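Novice: One structure, pasted below without further comment.
What follows is calculated from the coordinates using simple rules that are stated; it is not laboratory data. Keep in mind it's a predicted model, so treat the numbers as computed, not measured. All Cβ positions, even for glycine, are placed from backbone atoms using ideal geometry, and neighbour counts span all protein chains on display.
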Amino acid sequence: MVKYEVFIEQPTLDFYRIGYSPRADYTITGLWVAVIVTGASGKRYTGERGFGEIAEGIAHTYKLMELNEQNLDDFSPELYPELPNEQMEPYQYSEGADTVHRVGENVRLDTRVGSYDWYDAKGRWEIHVELVGQACTFWVPEQEGIPVPIQHRSQMGKATGKINGDPIEGWGYIDANYSHPGVLYFNLPLIRKLEKQWSMWLVEYTDSEIDAGFAWKGRGDTGFSAGHLIRNGVSTAVPDACTFTTYNERGVVTKSRIELGGEVVELEQDTCAIWPIHTFGRVVSTSRGKEIAKSWNYTEWMPDNMEELVDRYVLTGQRPSREAQLQARIENERLELPEHML
């Protein structure tokens, strides 16, 4: 069993500064923003950018996509051919009195206490997120099987804006990760050894009250189950969130029942961005017993052989083709790629 702590922090501007150190001999290994949103057109979109997790001063496109509808067996299409998955560009970092800026050729991220603005694709992508609750952080110290520590902080909120002129609303997060200086994010035990499933959601009820949260499900017998429950603007750290997952015949996540902080949240997935890792959907119900007006959820699932896949593909930059990934099989919680297509 892995030893870890989960706690709530009151956000400050330091959270977004590159020089911030939450513990002695810790430095930032990456900062990320992501959204899942619905347009007035009825289209759904998702996007994610990383800052500094590949190299200091480099912005990394994970995805900028229009989601497929009712399709868990394929990738969703990219919105901008010039900004494909894995696109990278340098950015300039600067600090103002109340805002931290990261600005590249295509991307601009302005972060402040309580909100952030994310512009991308030279203005065609415009996101504004008002954060709800407080920040929730988990800390995994060095221990047997965990050679370097992990401190990961997450905040979530309600997103508005426009994508290609389409007015949108939905869910967004801003996360940051810390470890010892010189440690690359992709070498951290979080994705290599700990993570099995990471579920995130936001619910808006018919009375306009908003709930949100996340739950981690650890791999194997790690016992890792950090959670965050936001109820009407108040955050609670949960050290023992329970996630019960249903899969389809190909092994892709379709439903999750999450129990945390005395509450139950039921999630349902209906589409995939990057098969089979990132799926999206809605919140079917909560134990609040209130009528849901709108909801969004984002689930990340990791195969048990993620460490092998990171070493072979991510760190070498030689990722398998989309065709190879779609012909992969999920067997015994492992993602097996067809060797002849690599």
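Novice: Determine the pairs where a residue that is touching a residue at least 40 places away in the same chain (Cβ under 8 Å) and over 19 Å from Trp118 (Cβ atoms), located within the range 64-91, has a partner that is surrounded by 17 or more Cβ atoms within 10 Å (Cβ to Cβ) and of a type in the set (Ser, Thr, Tyr) with Cβ atoms under 6 Å apart, the partner being 6 or more residues away or on another chain.
Specialist: Matching pairs, first to second residue: Asn68/Ser76; Asn68/Thr271; Asn71/Thr271.
Novice: Just checking, which of Asp117, Asp25, Asp73 is of a type in the set (Asp, Glu), on the phi > 0 side of the Ramachandran plot and not in a helix (DSSP H, G or I)?
Specialist: When all the criteria are applied, what remains is Asp25.
Novice: When the range 235-280 is examined, which residues are found to be among the hydrophobic types (A, V, I, L, M, F, W, C) and farther than 20 Å from Ile330 by Cα?
Specialist: The answer is Ala237, Val238, Ala241, Cys242, Ile258, Leu260, Val264, Val265, Leu267.
Novice: If a residue must be in a loop (DSSP other than H, G, I, E, B) and of a type in the set (S, T, N, Q), how many such residues does the range 122-144 contain?
Specialist: 0
Novice: For the range 116-132, which residues satisfy the criterion of being of a type in the set (Gly, Ala, Ser) and crowded, with 16+ Cβ neighbours inside 10 Å?
Specialist: Selection gives Ala121 alone.
Novice: Can you pull out every residue in the range 76-92 that is outside any loop (DSSP other than H, G, I, E, B) and either surrounded by fewer than 16 Cβ atoms within 10 Å (Cβ to Cβ) or touching a helix residue (DSSP H, G or I) at 6+ places or on another chain (Cβ under 8 Å) (or both)?
Specialist: Scanning the range 76-92 gives Met88, Glu89, Pro90, Gln92.
Novice: Which is under 18 Å from Met200 (Cα atoms) and charged (D, E, K, R), of Glu144, Glu130?
Specialist: Unique residue meeting the criteria: Glu130.
Novice: Which residue, of Glu323, Glu263, Glu339, is among the acidic types (Asp, Glu), more than 23 Å from Leu188 (Cβ to Cβ) and in contact (Cβ under 8 Å) with a residue 24 or more places away in the chain?
Specialist: Testing whether each residue is among the acidic types (Asp, Glu), more than 23 Å from Leu188 (Cβ to Cβ) and in contact (Cβ under 8 Å) with a residue 24 or more places away in the chain leaves just Glu263.
Novice: Another question about this same structure. Kindly check whether there is at least one residue in the range 99-108 that is outside any strand (DSSP E or B), surrounded by 19 or more Cβ atoms within 10 Å (Cβ to Cβ) and either within 18 Å of the chain's Cα centre (by Cα) or in contact (Cβ under 8 Å) with a residue 12 or more places away in the chain (or both).
Specialist: Yes; the residues of the range 99-108 include at least one that is outside any strand (DSSP E or B), surrounded by 19 or more Cβ atoms within 10 Å (Cβ to Cβ) and either within 18 Å of the chain's Cα centre (by Cα) or in contact (Cβ under 8 Å) with a residue 12 or more places away in the chain (or both).
Novice: When you go through Val6, Val2 one by one, which is the residue that is part of a loop (DSSP other than H, G, I, E, B), buried (at least 17 other Cβ atoms within 10 Å of the Cβ) and among the β-branched types (Val, Ile, Thr)?
Specialist: Val2
Novice: Please indicate, with yes or no, whether at least one residue in the range 181-199 is assigned to a strand (DSSP E or B), in contact (Cβ under 8 Å) with a residue 12 or more places away in the chain and on the phi > 0 side of the Ramachandran plot.
Specialist: The answer is no; no qualifying residue exists.
Novice: Shifting gears a bit: Return the only residue of Asp117, Asp74, Asp98 being of a type in the set (Asp, Glu) and farther than 28 Å from Val203 by Cα.
Specialist: Answer to the selection: Asp98.
Novice: Additional query: Out of all the residues in the range 16-23, is one or more of a type in the set (Val, Ile, Thr) and either touching a His at 6+ places or on another chain (Cβ under 7 Å) or in contact (Cβ under 8 Å) with a residue 60 or more places away in the chain (or both)?
Specialist: yes
Novice: Next up: Quick one: which of Gly233, Gly289 is without any contact (Cβ under 8 Å) to a residue 60 or more places away in the chain and surrounded by fewer than 16 Cβ atoms within 10 Å (Cβ to Cβ)?
Specialist: Testing whether each residue is without any contact (Cβ under 8 Å) to a residue 60 or more places away in the chain and surrounded by fewer than 16 Cβ atoms within 10 Å (Cβ to Cβ) leaves just Gly289.
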